[in-house]
Amino acid sequence: MSSHEMPFLVFNLGVEMMFVLNSRLQAQAVPPDKAADVLSDIGTNIFSAAFVAELLTPQPMYSAASVLQVFTALSNSTVMRLSENSMRKLYDLVFMTVKYQVLTLRHPLELLELTLNHLEAVGRILPPSVQPLASAAADLILRLAATLHTGDWATIRRSLLNFFGSRHVRVSVFVERHVQDSETGAFVIPRDVFLSPSPACAPPGLVYVAGVSEPGTFPHPDAHLPYPPHIPVGSWRPRTASPRMTSNGFDMYAAAAAKLSSGSSAAAAAAGDALARQAREMPAPRVSAVATTSPACGGAVPAPHEATVEGQQCAYDAEASYLARLIGSASRARGVQQFELELFHNDSGSGGGAAGVGAASAPPAPPVIAVAAPVAVPVTRMSAAAVQEQNRRLLGIMDAFDVPAVPGSSAPAPAAGGRGASDLLDIMDEL
């Protein structure tokens, strides 16, 4: 069983998040220096050596609550502060976009192409100082890919599909493009037009039975599909830049942004801004009264945006929020001024009715960028030395509550100060 799902999950989600943020920062006329700082902070954190090394460490798939925690920490590691509404819709949009991309992959090896497409495309929008980090991450992905077989890729893709299957959010722009069903929220997957040009991929419709010389046959709609004309059979190399089978993973908002920038007026551009209504949710169909259980935590699965105390505690116990603690360590000591940004306009009827569909015809509210006033209380950032000193004081207080071991007793004395949890903080502080 493969244990390398995390880099393909986090990198694809993280790059799509940067695509959306870059588009929204441009659409809302955020000053270029602030927009560059946002992308630089996110790119520096997600492609930092410590973060990438932790992602590439073989480990089980993180829970949905922990992945959401990682991306919340990622968005909070920048000079930009998102409202709760914007962060929720941003994650939903990114989640559903990558879910659709993974669902439409025809061959497990296309998951590597999808990830490389993302890493190459994000290098075009990152500041020059961060681009080498993205290139280094792509090199490490290629090094990992050299150790994986087709069966490993199939297992990774299956694990990702199981992860994405736990969340169903209807996105208005997908519904408008007839990619998503307006009633159930299910994606409309296009039919295949080509067979995978790998020599090991035979047309479907044959059944081989041990001890029988001639294979059996069964009808299959894809049995007569041709191979792609631009990739001869046997020449497909997913690790190279060209040619690639999948076109997923590129910045799909770049063309729309170019079209909007060439508009005649700002009002026309605002009216045609698809991302302004991209994540307006529509109510999902009611689930069965029988609660499904999570195999990891043994409890009922909460609603997409409801986090129970038990679920949060289970996520903390299982993953220890290590990746979230690594995020932000590269820019913690910066003394920069922060600003607030509302990425998506809050809909008054998002909680009920068909708000997502009906809202598409309503004129969007003007962009709102709330910049912190000079009289606001500045954000205090602690240095690494100060955090370590505070940890030592807390551990000293906890030592006072330790119960010494009873002579002659087999029960061990408690660990001094709970060093297991503080080790994660120490690792973060040393970065």
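The values are calculated or read from the model by the stated rules, or taken from the named source; none is laboratory data. A quick note: this is a predicted structure, and the numbers were derived from the prediction, not measured. In this analysis, Cβ positions are derived from the backbone assuming ideal geometry, glycine residues included, and neighbour counts consider all displayed protein chains.
Brief remarks on what is shown
- Residues of the range 1-30 that turn out to be touching a strand residue (DSSP E or B) at 6+ places or on another chain (Cβ under 9 Å) and either outside any helix (DSSP H, G or I) or not aliphatic (A, V, I, L, M) (or both), as a count: 3
- Residue match in the range 2-17 (condition: surrounded by 23 or more Cβ atoms within 10 Å (Cβ to Cβ), over 16 Å from the mean Cα position of the chain (by Cα), assigned by TED's automatic domain parsing to the domain that holds Leu126 and at negative phi): no
- Elements of type helices (runs of 4 or more DSSP H) contained in the range 42-125, each with 3 or more residues being among the charged types (D, E, K, R): 84-103, 110-122
- From Arg239, Arg170, residue being farther than 27 Å from Leu142 by Cα and surrounded by 12 or more Cβ atoms within 10 Å (Cβ to Cβ): Arg170
- Screening Pro219 on (1) modelled with pLDDT of 85 or more; (2) closer than 30 Å to Leu126 by Cα shows it passes everything except condition (2).
- Residue, farthest from Pro226 (Cα to Cα), within the range 148-204, restricted to residues that are in contact with a strand residue (DSSP E or B) (Cβ under 8 Å, 6 or more places away or on another chain) and assigned to a loop (DSSP other than H, G, I, E, B): Val169
- Where His178 falls short, out of the listed (1) touching a residue at least 40 places away in the same chain (Cβ under 8 Å); (2) farther than 18 Å from Phe51 by Cα: (1)
- Residue count for the range 62-101, restricted to those that are of a type in the set (A, V, I, L, M, F, W, C) and either surrounded by fewer than 20 Cβ atoms within 10 Å (Cβ to Cβ) or in contact with a His (Cβ under 8 Å, 6 or more places away or on another chain) (or both): 3.
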